[in-house]
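One structure below.
The values are calculated or read from the model by the stated rules, or taken from the named source; none is laboratory data. Since the structure is predicted, the reported quantities are computational estimates derived from the model, not experimental observations. Cβ placement follows ideal geometry from the backbone for every residue including glycine, while neighbour counts extend to all protein chains displayed.
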């Protein structure tokens, strides 16, 4: 780096000229390539954030079950959620019945399957493994 006032060569990292004491300013790199790459880098971050948001909303919308004014097949409470059975029929289960394991009643239900009576059965991980065996 050289001093703009007197032309003396100065080491990088110092703020003032060793000869005349003039303040040394670091040269800014100018050029369109740096500006364009920064523009695309910022633009791509925005698209990534927007894309993640759209994917999240889509996943939430498809996993959200609409409640209906039908009686639960297990307890008779209303409203319930409509589930499609493996044979194409409909089964209605309230939110309370879908949260507790219907086999052991101890753990929260994480899985559901259609039983022989064409109703949805909600079970915990341990009971689900036993049923699938």
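Restrict the check to the range 26-36 and report whether at least one residue is under 24 Å from the mean Cα position of the chain (by Cα), over 30 Å from residue 117 (Cα atoms) and modelled with pLDDT under 80. There is no residue in the range 26-36 that is under 24 Å from the mean Cα position of the chain (by Cα), over 30 Å from residue 117 (Cα atoms) and modelled with pLDDT under 80.
Looking only at residues of the range 43-77 that are more than 22 Å from residue 115 (Cβ to Cβ) and in a loop (DSSP other than H, G, I, E, B), we find that the one that is modelled with the highest pLDDT is 69.
For the range 93-112: of the residues being touching a strand residue (DSSP E or B) at 6+ places or on another chain (Cβ under 6 Å) and not in a loop (DSSP other than H, G, I, E, B), which is farthest from residue 83 (Cα to Cα)? Among residues in the range 93-112 that are touching a strand residue (DSSP E or B) at 6+ places or on another chain (Cβ under 6 Å) and not in a loop (DSSP other than H, G, I, E, B), the one farthest from residue 83 (Cα to Cα) is 111.
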